[in-house]
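The values are calculated or read from the model by the stated rules, or taken from the named source; none is laboratory data. What you see is a predicted model, and the numbers here were worked out from it, not measured in a lab. Cβ placement follows ideal geometry from the backbone for every residue including glycine, while neighbour counts extend to all protein chains displayed.
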Amino acid sequence: MCGILGALESKFDAARFEAALARLAWRGRDGSGSTSTAGWRLGTARLAISDATAPQPIECPRTGRVVVFNGAVTSARDEWARYRTATRNDAELLLHRLAHDGPEGLLDMTGPYAFAIADPLADCVYVGRDHLGEKPLLVASEDGEPVAFASTGPALRALGFRTEWNPVELGRWFRR
């Protein structure tokens with residue numbers, strides 16, 4: 001179990017972001033880290049399951065893309081053979097998938113996961129989770145636009161958001 005956090009830089013200063021990241025510490029005793037790119041602050045609290053020597057966030061030196069990741073890619077062994085990776089951290093595989101297959105390469109991953117990739121080349125952030133929602137990913141918005149996301153409600157509350165159940169989305173989830 002890890003925890004991930006992301007917020008628009010223009011909305012949240014570094015001190016507030018780090019306070020929110022501290023609310024995720026219980027999800028990852030093996031370290032935490034944060035960075036800023038593409039207008040977003042990204043952070044993670046990491047419980048090292050794969051490659052304990054590879055901290056997160058992970059940045060691709062060639063593209064400047066940054067990934068934060070919570071979970072596991074079940075096809076990781078096969079994918080490590082496909083890509084030249086610097087680590088054996090499943091998070092790095094997402095950077096390679098995006099580089100080789102574009103955003104569509106992030107759609108067919110298997111396993112329990114939640115992630116965010118800040119992409120300064122495309123000036124956007126890709127955020128996703130597994131199809132069953134096994135790994136939590138909560139999104140906060142203002143005026144219909146996403147401005148922050150986190151693995152837990154307390155991290156979003158530390159950024160100043162109220163967290164509450166959305167009955168419409170909850171109903172959609174139960175109808176699946």
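Which of the strands (runs of 3 or more DSSP E) contained wholly in segment 1-75 include at least 1 residues that are closer than 11 Å to residue 151 by Cβ? In segment 1-75, the matching strands (runs of 3 or more DSSP E) lie at 3-8, 40-45, 66-71. The condition of being touching a residue at least 24 places away in the same chain (Cβ under 8 Å) and acidic (Asp, Glu) holds for only one of 130, 101, 78, that being 130. A search for C-beta distances below 7 Å between a residue of segment 152-175 that is closer than 13 Å to residue 139 by Cα and any residue that is surrounded by fewer than 15 Cβ atoms within 10 Å (Cβ to Cβ), counting only pairs 6+ apart in sequence or on different chains, returns 153/163; 156/163; 157/163. Residues in segment 98-122 that are surrounded by 14 or more Cβ atoms within 10 Å (Cβ to Cβ) and assigned to a loop (DSSP other than H, G, I, E, B): 109, 111, 112, 120, 122.
Whether any residue in segment 89-97 is outside any helix (DSSP H, G or I) and surrounded by 19 or more Cβ atoms within 10 Å (Cβ to Cβ) is what I want to check.
yes
Filtered by the rule that a residue be at pLDDT 90 or above, small (Gly, Ala, Ser) and more than 13 Å from the chain's Cα centre (by Cα), segment 142-169 gives 153, 155, 158, 160.
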